[in-house]
Amino acid sequence: KANPFAPLLQLLAPLVDGFDVASAGELALVPGDKGRVGFAGPGKRDRELAAAIAAGATISLESPGEAGRALAIAQGTARPLHALLRVNPPFELRGSGMRMGGGARAFGVDLEQAPDVLAMLAAGGAHVRGFHIFAGSQNLDAEAIADAQAATVTLAAELAAHLPGPPELVNLGGGFGLPYFAGDRPLDLARIGARLSETLARRHPVLRDTRFALELGRFLVGEAGVYLMRVVDRKVSGGQTFLVTDGGLHHQLAATGNFGTVVRRSYPIANASRSGPAVLACNIVGCLCTPLDRFGEGVELPDTREGDLLAVFLAGAYGRTASPEAFLGHPPAAELLVGA
Ligand SMILES: *Cc1c(COP(=O)(O)O)cnc(C)c1O
């Protein structure tokens, strides 16, 4: 979901324990063993459930209805249904960019419904591997993430009473954020690691042999991406300098503040063609005919000219595939894997 660029998936394949996908289309892109794929997301069509079951992927079941459809497909094809029950947690990850747990949600099964769904899955012969609990995303607060992980481990131990045996796998979600904006501090990974070790050291005995997974979409790929755009025009309006580029929200919706942000702030941007003191305060916009298409206001750069390349950093997650590429008929951004 964060970045399905095929050469990147090839590079990551030997480095990660598995891949998370959010559609059958993404499942088809995963290189190698599909048995280490987790498939989450609402609205999985029967065709997608069938593809995941045939591939031996683990499906995060998001509702009683979806669980019933997956069971029927598995029974009809005589293939095992490997599943996690995705549970909508009764807590949320404090300060997340996008909340995906707590309260009424499209994701997962509410806690009160979990026992019935688990009973139905057991009766239908499903292989329920454990639980998936995803409480939020884009968080820079190590304590908040650690608290959510601790609450998740506690909840998984309670839910384990409704499984025929101890859970094999508990997916703790992700939420690891990136410091996109001025004043953001990078996440304290050592602190999360230390607290997670404490949490796991004290876990309920029913989870003794359980494997725990983290899903780190954005965190693994975001900082690796640089988006380059060329300055087409430099103009002055209302006393302000505008740099108009050949880039835009059709390539990088998130970097223009139009994907899951409340307050519009700039990603880090630099002039990739020339260095020098920051003497120019400017507004950087894309080439689309909409006021939404802007990358930054009052950005300080060296004396930037037409033809210069501007680099937008932290552009590796939710870029091309999270952007309305067809809007206005401009060419797509070229994607390159470099330095691997
Ligand atoms: C989107 C999503 C992720 C990844 O979130 P990031 O913000 O990219 O880290 C992980 N798990 C699930 C279930 C998701 O829907």
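Considering the range 323-340, the residues that are aliphatic (A, V, I, L, M) and in contact (Cβ under 8 Å) with a residue 60 or more places away in the chain include one that is least open to solvent (accessible area, probe 1.4 Å), namely Ala333. Listed by position, the strands (runs of 3 or more DSSP E) contained in the range 12-78 that have at least 1 residues being modelled with pLDDT of 95 or more and among the charged types (D, E, K, R) are 19-21. Taken together, the residues in the range 154-177 that are buried (at least 22 other Cβ atoms within 10 Å of the Cβ) and more than 18 Å from Pro115 (Cβ to Cβ) amount to 7.
Scanning the range 300-308 turns up at least one residue that is closer than 16 Å to Arg230 by Cβ and touching a Ser or Thr at 6+ places or on another chain (Cβ under 7 Å). The set of residues from the range 192-236 being exposed (fewer than 14 other Cβ atoms within 10 Å of the Cβ) and either assigned to a helix (DSSP H, G or I) or within 16 Å of the ligand (Cβ to nearest atom) (or both) comprises Gly193, Ala194, Ser197, Glu198, Ala201, Pro205. In the set (1) closer than 20 Å to Leu85 by Cα; (2) more than 12 Å from the ligand (Cβ to nearest atom); (3) acidic (Asp, Glu), the condition left unmet by Asp33 is number (1). Screening Ile269 with (1) modelled with pLDDT under 95; (2) over 22 Å from Lys1 (Cα atoms); (3) open to solvent by less than 60 Å² (accessible area, probe 1.4 Å) gives one miss only, at (1).
Would the range 285-294 turn up any residue that is assigned to a loop (DSSP other than H, G, I, E, B) and of a type in the set (Lys, Arg)? No, every residue in the range 285-294 fails to be assigned to a loop (DSSP other than H, G, I, E, B) and of a type in the set (Lys, Arg). Taken together, Thr261, Thr241 contain a single residue that is part of a strand (DSSP E or B) and among the polar types (S, T, N, Q), which is Thr241. The sole residue among Ala157, Ala135, Ala119, Ala146 that is among the aliphatic types (A, V, I, L, M), within 21 Å of the chain's Cα centre (by Cα) and at pLDDT 95 or above is Ala146. Look at (1) out of contact with any Phe, Trp or Tyr (no Cβ under 8 Å at 6 or more places or on another chain); (2) more than 16 Å from the ligand (Cβ to nearest atom); (3) among the aliphatic types (A, V, I, L, M) and you find that Ala151 fails only one, number (1).
Checked against the criteria, Ala146 does not count as among the aliphatic types (A, V, I, L, M), more than 20 Å from Glu215 (Cβ to Cβ) and either surrounded by fewer than 22 Cβ atoms within 10 Å (Cβ to Cβ) or in contact with a Lys or Arg (Cβ under 8 Å, 6 or more places away or on another chain) (or both).
One residue stands out among those in the range 304-322 that are aliphatic (A, V, I, L, M) and not in a loop (DSSP other than H, G, I, E, B): the one that is most open to solvent (accessible area, probe 1.4 Å), which is Leu309. Taking the conditions exactly as written (closer than 30 Å to Thr261 by Cα, open to solvent by 40 Å² or more (accessible area, probe 1.4 Å) and either of a type outside the set (Gly, Ala, Ser) or in contact with a strand residue (DSSP E or B) (Cβ under 6 Å, 6 or more places away or on another chain) (or both)), does Pro7 satisfy them or not? Considered against the rule, which asks whether it is closer than 30 Å to Thr261 by Cα, open to solvent by 40 Å² or more (accessible area, probe 1.4 Å) and either of a type outside the set (Gly, Ala, Ser) or in contact with a strand residue (DSSP E or B) (Cβ under 6 Å, 6 or more places away or on another chain) (or both), Pro7 comes out as yes.
The values are calculated or read from the model by the stated rules, or taken from the named source; none is laboratory data. Everything numeric in this text was worked out from a predicted model, so none of it was measured. Note that we place each Cβ from the backbone using ideal geometry, even for glycine, and neighbour counts take in every protein chain shown. Side chains included, ligands, DNA and RNA excluded: accessible areas come from the protein's heavy atoms. Shrake-Rupley method; radii C 1.70, N 1.55, O 1.52, S 1.80 Å.
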